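Take a look at the structure below.
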Amino acid sequence: MSTETALDQLKQLTETGLAAIAEASDAAALEALRVQYLGRKSELNGILRGLKDLPPELKGVVGKESNLAKKALESALKERQESLGGGDGASETDPTLPGVRPPVGHEHLLTSTSELILDVFRGLGFSIARGPDVEDDYHNFEALNIPKDHPARDMQDTFFAAEDIVLRTHTSPVQIRTMKKTPPPIRMVFPGRVYRRETPDATHSSEFHQIELLYVDHGVTMRDLKGVLTQFAQQVFGDDVDVRFRPSYFPFVEPGAEVDISCFLCKGSGCRVCKQSGWIEILGSGMVHPNVFRHVGYDPETVTGYAAGMGVERIAMLRHGIPDIRLFFENDLRFLFQF
Ligand code: FA5
């Protein structure tokens, strides 16, 4: 075979092949053309197989042209297949086959726990606001009655982003931001992520979530605080739960109280979960300190208020008997899909 004959033959078969492919009206016709032009018994394959018998000076040029022809036919087939609506040509769409369901995720347990808590407070007349995760020293400490060098700063080990810029260690700074721009009365909750330089263990994480509560008006008393927190505890943990207020210290409240619920597992008789005490701590709270009101320009002689802050992970752990806080952040689907 001369070079010209082989090249002519290639040109011819490419042209007729391309024309036929462009005309093909369905996937079956395309498949037949693929077999005819590119299959094992095709003319082109015959030329490729014969290459080895050609004299070296012909082999190069005919080989190159054959490959170009093959590529042109292949891409024309692919293009036509796509313009006919995809498919691999072997199977037409069968509308009676069951569909393929993509895996669908669901709400993270921390999200649904936050929503549950926020719903309780919505029902009690609170509205929701948020503040920034990156705070300045003034909002996170100073305005909350924790001046520089005050020993209470050590209560929450802090991540610093710059000299006076911190990752907030609690959601309490949102109290300050809210009161600064809104006159009383205020009845709000502030959910959000907080950060502390802690060594993680089963109940401590260096990143966790809090929900803050703030109610300021004329004549708000500790009794209002007890009423609302008891309501909250019973709606979240069940009607038969007992609530206990224990004196405690936070610089931004006076008096301050920590709130315990009776152990849901042993019902108060003492077990491993409540460390034999019969009670489990769920949050910190108290009456807003007059110095805090002074910082935001409220008159502590005319308004009073209460505040509280709770850890969302701890509440989810108590509600579901989760033994280790780190499970929330490992994203192991076997854990997450249980809730
Ligand atoms: C505070 O953060 C105060 N801002 C709460 C407050 C607000 C008191 C308003 C009074 C008035 P405390 O550091 O105790 O307080 O944290 C509150 C809750 O966050 C704890 O009860 C606990 O549930 C949770 N918590 C604290 N540290 C961690 C941690 N490392 N990992 C997970 N949860 C934590």
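The values are calculated or read from the model by the stated rules, or taken from the named source; none is laboratory data. Predicted model only: the values in this text are computed from it and were never measured. Positions of Cβ are backbone-derived with ideal geometry, glycine not excepted, and every protein chain shown enters the neighbour counts. What goes into the accessible areas is simple: the full protein's heavy atoms, side chains included, and nothing from ligands, DNA or RNA. Shrake-Rupley method; radii C 1.70, N 1.55, O 1.52, S 1.80 Å.
For this structure, a couple of remarks:
- Simple spin-label estimate for GLN36 and THR111 gives 5.5 nm between the two label positions (7 Å along the Cα-to-Cβ direction from each Cα).
- Whole-angstrom gap from segment 264-339 to segment 142-187, using each part's C-alpha centre: 19
- Value at 222 nm in deg cm²/dmol, rounded to 500, when DSSP H runs of n ≥ 4 in the chain each add -39,500 (n - 2.57): -12000 deg cm²/dmol
- Between ARG193 and VAL100, the FRET efficiency estimated from the beta carbon spacing at R0 = 56 angstrom works out to 0.95.
- Rg/Rh, computed from the Cα trace of segment 1-136 with Rh as the Kirkwood radius, has the value 1.49.
- Helix axis angle, 3-23 relative to the chain longest principal axis, alpha carbon, degrees: 50
- Top of ASP94, ASP260, ASP201 by mean-square fluctuation, Gaussian network on the chain, Cα under 10 Å: ASP94
- Measuring nothing but how far apart in sequence close Cα pairs (under 8 Å, 6+ apart) lie, relative to its length, segment 69-187 scores a relative contact order of 21 percent.
- Angle in degrees between helix 27-38 and the longest Cα principal axis of the chain, rounded to the nearest 10: 50
- Bridging of LYS71 to lysines at a Cα separation below 21 Å is possible for LYS11, LYS41, LYS52, LYS59, once same-chain residues fewer than 8 apart are set aside.
- Under a 5 Å amide H cut-off, with hydrogens placed 1.01 Å from N, ALA257 pairs with SER248, SER285, GLY286 among residues at least 5 apart or on other chains.
- Length released on extending from PHE160 to ARG334, taking residue separation times 0.36 nm less the Cα-Cα span: 59.1 nm
- Between the listed residues ALA27, THR14, ILE47, the Cα displaced farthest toward the positive end of the dipole of segment 3-83, a dipole computed from Cβ unit charges relative to the Cα centre, is found at ILE47.
- Rounded to the nearest 10 degrees, the angle from helix 56-83 to the longest Cα principal axis of the chain is 50 degrees.
- Using only side-chain charges placed at the Cβ, +1 for Lys and Arg and -1 for Asp and Glu, the dipole size of the chain relative to its Cα centre rounds to 400 debye.
- Gyration tensor (alpha-carbon) shape descriptor, segment 109-336, a/c threshold 1.5: oblate
- On segment 109-336, 50 percent of the accessible area sits on carbon and sulfur atoms, based on a 1.4 Å probe.
- In summary, the lysines within cross-link reach of LYS267, defined as a Cα separation below 18 angstrom excluding same-chain residues under 8 places away, comprise LYS275.
- Averaging the sequence gap over all C-alpha pairs within less than 8 Å and six or more residues apart, then dividing by the number of residues, gives the chain a relative contact order of 14 percent.
- Relative contact order for segment 3-83: 43 percent, from Cα pairs under 8 Å spaced at least 6 residues apart, divided by residue count.
- Think of each Lys and Arg Cβ as +1 and each Asp and Glu Cβ as -1; about the Cα centre, that makes the dipole of segment 97-217 roughly 500 debye.
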